[in-house]
Every structure is written in structure tokens, then in C-alpha cells.
Amino acid sequence: MSSPVRLDLERNIRDNASANPSSQSFSSSEESIVKPKPITLEANPDLLPEKTRNKTTRYLNFNFFSAYRKLFSVIFAANLSALVAFCVKTKGLPKAADVTSACSANIMVSILFCQENVVNLCGECTDSEWRIGPLAQLFSRFG
């Protein structure tokens, strides 16, 4: 019967095991501990894409025109136009019933858009071709 080969991974030593397995000890000493090498990160200009547009346009795009700020601007403009329409309709201050209805609609839409299914449904509606209704004839001519 051949003896098994034991590996000391800490010291990178390969030797045959002796008949008495208790004679060998695999203790780790401070000398055999592998210490990690320090990592230096350097940017490789060959791997980075070229910058597009000028510095001011990039700054505005990444800091002020993010997707959420664009969405907030559209929603704010829609709410402001609804308020102006309510004021024009009553020739002064809007009615309390109109304001509460608008507030309720805003809360309902914000809660609905937190649901993933509603967001997916809106994406399906805007991405798919209209095959029914009055737009079907228009898409059949050009599609």
C-alpha cells in the first residue's frame, strides 16, 4: 500500500506522508503567512473612451439634466399648467374641489408608478405598434 502524498501549501513543500500521521504538524508560523502585495491602480488611457462634447455640456448633463430631474420638470410643468387652467376657469382662485381632485390624481399616479407592473405596461404601450383604433390605418400605411 502506497503512502499518500501530503502538500504543505503554506511552504509549497510536497513530500510523502510518513507512516505515523501524528509526526507531522501543519502549524502556520508567522514566516509562512502570505502577505498581500500593495495594489496600485493607474488609469490606462488606451482603455478609456474619448470624451464627447465640451466640459460645460458634460457638467450640465451629468449634474442638472439627469433622467429624474427631466421627469420631475415635466411633472412640475404639467401640474403648474393644471393650476393655471383652474385659475383661468374660475377667473381667480381655483375651487377647492378642483385642487383636491388634482392632488388626489397626483397621489394616485405616484403610487401607481411605484408598482413595477404599471411601469412595464406603460413601456409596452409606448414601444409596441398600435394595431387597433384610429392609428392602425396610419401605421399600416407607413409600417
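Just a few scattered comments:
- The range 92-131 - residue that is of a type in the set (Asp, Glu) and out of contact with any helix residue (DSSP H, G or I) (no Cβ under 8 Å at 6 or more places or on another chain) and, of those, modelled with the lowest pLDDT: ASP127
- Sole exception among (1) of a type in the set (S, T, N, Q); (2) open to solvent by 100 Å² or more (accessible area, probe 1.4 Å); (3) at pLDDT 85 or above for ASN12, by number: (3)
- Checked against the criterion of being of a type in the set (Lys, Arg), modelled with pLDDT of 85 or more and loosely packed, with under 10 Cβ neighbours inside 10 Å, the candidates LYS35, LYS55, LYS89 yield just one match: LYS55.
- Criterion (more than 26 Å from the chain's Cα centre (by Cα), in a loop (DSSP other than H, G, I, E, B) and among the polar types (S, T, N, Q)) met by exactly one of THR52, THR40: THR40
- Within the range 77-94, residues that are over 13 Å from ASN106 (Cβ atoms) sit with their Cβ atoms under 9 Å from residues that are open to solvent by 80 Å² or more (accessible area, probe 1.4 Å) and assigned to a loop (DSSP other than H, G, I, E, B), at 6+ positions apart or across chains, in these pairs: PHE86/LEU93; PHE86/LYS95; CYS87/LEU93; LYS89/LYS95.
The values are calculated or read from the model by the stated rules, or taken from the named source; none is laboratory data. If you're wondering where the values come from, they're calculated on a predicted model, not measured in any experiment. For neighbour counting, all protein chains shown are included, and Cβ atoms are generated from backbone atoms with ideal geometry for every residue, glycine included. Only protein heavy atoms, including side chains, enter the accessible area calculation; ligands, DNA and RNA are left aside. Shrake-Rupley method; radii C 1.70, N 1.55, O 1.52, S 1.80 Å.
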